Amino acid sequence: MNYPWRISRCVVLACVSALWATMAQAGHNIELELGGRLKLDLIHNDSPVSGEHLSRADLAFSPRSIALTSSTRSDSELTARESRLWALLRLPLLHRQLSAYAEIDFSETEPDNLGRSRLSNIPRLRHAYAIFGPLTIGKTYTTFVNLSAYPEINDGNGPLGTLNIRQDIVRYTHDFEWGHWQFSVEEPQTTLSTPAGSAFNPEDETTPDLVTRLTWEGLDANLSIAAMARNIEADSPGLGNRIDKWGGALSVAGYWRLHDRDNLRMTLSWGNALGRYVSFGSFTDGALAPGREIEFNDLVSGFVAYQHWWGKNLRSNVVIGLAHVDAATGIVPASANETMASSHLNLLWSPLTDLTVGVEWLYGYRRQVDDRSGNMNRFQLTSIYKF
Amino acid sequence: MSTEKRILIRGFTLWVLLSMAPQVTAGDDLQDSGSGAVLNVIHSDQLRAVMHRLDSLTHDRERTALELQTLQLHHLEQLLQAADDLLERSEQLPDIAPDTDLTDEEVITFRAMASELYEQTLYINTRYRTGHVSEALQAYKDLRKTCAACHRLFRSP
C-alpha cells in the first residue's frame, strides 16, 4: 500500500514544478524561499542502548529501546543530524495561492551489512506537501496531532504520549471564525505482534486511516479534539487468509497561556487502534491471536508540559509523559511493552530571536508485560540557529 | 513613493520625535518619573496576548515554516485590530488619563509610536493580502523593533 502514496507524493511535486516553470515563463508573481536550522547536540547517556554500535535511540528518545539491564558503560555523542533545510514556493493560481513546501533533515538510519541499524547522514524527507485553498496533499504531520500542544524540548522525538507521525495525507480544512475543522485520509500501516514475541508489518493495507479534528483557537488558548478510524489489515501468504478489524482512537490536546508568558500544554489520547501513532512505534496496533484473529491493544497515553519564563529570554520546560497498554494476557508476548514514562526538564536561553541554547535532562522508564523494567538518564546540551 | 523612501521618512520622523523626550530615555527612570506607570494605563490586553502568541511561535520546534508563517500572518490581522484600538485611545490622551503628569512631548511621542505601530501592521497586512508574503514577513521583523522602542520608553517593567 505504500507505493501508491509515494507515487502520489511524486506526482504532487512534479505538478508543482511544472506549474512553477510555466508560470515563471508567463511572468507571474512567484516567490521561492529557502531556510532551515542548524542544530548541534552534545548528548551524554548514562546507559546507552546500542552496545558496541551507536544507535539512533542514543541520540533521540526511543522509549522502546530503553535497556532492561543496567550498564556500567556511558557514552557521549556530538551530532548535527537534526539540522533541517526547507524550501517554500508560492505561486498564484486561479485567484488563490498555491503553496508547496519540502523539508529534509539528516536523521536517516540505514542497516549495516548485518542488518543492524547504523547511523548515517543521509538526508531524510520530513515534509513534502502542497496547500491549495482548503486542500493539503503530500507528506506532513498527521491530522491527529495538535502541534500547538508540542512542548519546547531539546530532544528530537518528544515526550512519551507524543503523536509524532508524519505520513502521506490528503486533508480538507474548513475555517471558522473561532477555529477550524479538518478531515483527512492518511497512509495506512499495520504493525502486529505474535505470541512468539515478534512483530511484523504486513504491508497489505487497502483502506486509508480516516482522521478528523476540531480545533478551537483563541489568543490565550487552543483546544482540539480528534478522532481516528483505522482498518487493521493483514493478507500475507504466511497467514493463509485475509483478516481485518476496525478500531478507533480519540485525542484531546491543547495549549493555555497562564500568567504572562507561562503556559501549559497537554495531550491525552486513548483507543484500541492508537498503536504506531504513539511514542515512535513503541506499541504495535494489535496482536495476532491463535485462530488468525486480530486482538487490539487498548492504549492510553499523554503528557503535560509546563513552561515557565524566568526572564525575557530565559525559560524552563518541565514535561511528564506516560503510556500504558492494557495487554491481552496470553496473546500479547511477555516481551511486549506495557507501561512507559518520561520526564524532561530544561533551561533554555535565546540571546537572539533566532538562536537558542539550552541544557536538558531526560529520564525514561519502561516496563514489559513480564514485569521486567529499565530506565535511562540523558543530558543534552543543544544549540539551535534558525535561518 | 518607494518602500525604502517611506521607511527612511518614518525612521527619521520617529528619531525626531524620540529626541523630543529626553527625560524618559533611561529605562530605570521610568518608574521614578512616573511616566511609565502613567502610560501603562494606555495598554491593550489583546495586543499583549497577540505578541505573546507571536513570540511563542518564534520558539516553535515542530511546525513547518509554512505553517508558522500562515499562523503569524493570521495573528497579524488580530494585531492590526489591537493596534487600531491603541491608536484610537492614544488620540484621546490626556483626557482618558487625567491624573497623569504627561508632558506634551510625551503625549506626542506616544501617539506617533502608536501611529507607527498601526501603519506598519497595516502595511504588513496589505502586502500579505496582495500576495507579497516574503515582504510581509520581513516587515514583521521590523515591526518588532517598533514594539521594543515603545516599550523601552513607556512601559513599566
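Read-outs: derived from the displayed coordinates by stated rules, not from any lab. It should be emphasised that the depicted structure is a prediction, and the values quoted were computed from it without experimental measurement. Cβ placement follows ideal geometry from the backbone for every residue including glycine, while neighbour counts extend to all protein chains displayed.
Things worth noting here:
- Arranged from fewest to most other beta-carbon atoms within 10 Å of their beta carbon, A:GLU33, B:GLU88, A:GLU187 become B:GLU88, A:GLU33, A:GLU187.
- Calculated FRET efficiency for the pair B:ARG144/A:ASP244, C-beta based, R₀ 41 Å, to 0.05: 0.15
- Annotation: lysines with alpha-carbon distance below 27 angstrom to A:LYS139 (same-chain offsets under eight excluded): A:LYS39, A:LYS245, A:LYS386.
- At most 13 other Cβ within 10 Å, DSSP loop - GluC sites (Glu not before Pro), segment A:86-185: A:GLU177
- Ranked by how many other Cβ atoms sit within 10 Å of their own Cβ, fewest first, the residues B:LYS141, A:LYS39 fall in the order B:LYS141, A:LYS39.
- With the convex hull drawn around the C-alpha atoms of chain A, the volume per residue stands at 153 Å³.
- Fraction of the pair-distance distribution of segment B:45-154 above 22 Å, Cα-Cα pairs, percent: 35 percent
- Sorted on the mean count of surrounding Cβ atoms within 10 Å across their residues, most packed first, peptides B:146-152, A:342-348 read A:342-348, B:146-152.
- Rounded FRET efficiency, nearest 0.05, which uses the C-beta distance separating A:SER373 from A:GLU293 and R0 of 45 Å: 0.90
- 10 Å Cβ neighbours from other chains, averaged over peptide B:63-76: 5
- Dipole axis of segment A:262-387 (+1 Lys, Arg; -1 Asp, Glu on Cβ), positive-most option in A:ILE320, A:HIS344, A:VAL304: A:HIS344
- For A:PHE132 and A:HIS308, the difference between the fully extended length at 0.36 nm per residue and the C-alpha to C-alpha distance is 59.6 nm.
- Net charge of neighbours whose Cβ lies under 13 Å from the Cβ of A:PRO159, counting Lys and Arg as +1 and Asp and Glu as -1: -1
- Shape parameters for segment B:111-155, alpha-carbon atoms, Rg then Dmax in Å: 11.3, 35
- Segment B:45-154 - percent relative contact order, Cα under 8 Å, separation 6 or more: 24 percent
- FRET efficiency for B:ASP60 and A:ASP235, using Cβ-Cβ distance with R0 set to 60 Å, rounded to 0.05: 0.90
- Label separation (A:ASN29 vs A:GLU77): 4.7 nm, computed from points 7 Å beyond Cα along the C-beta direction.
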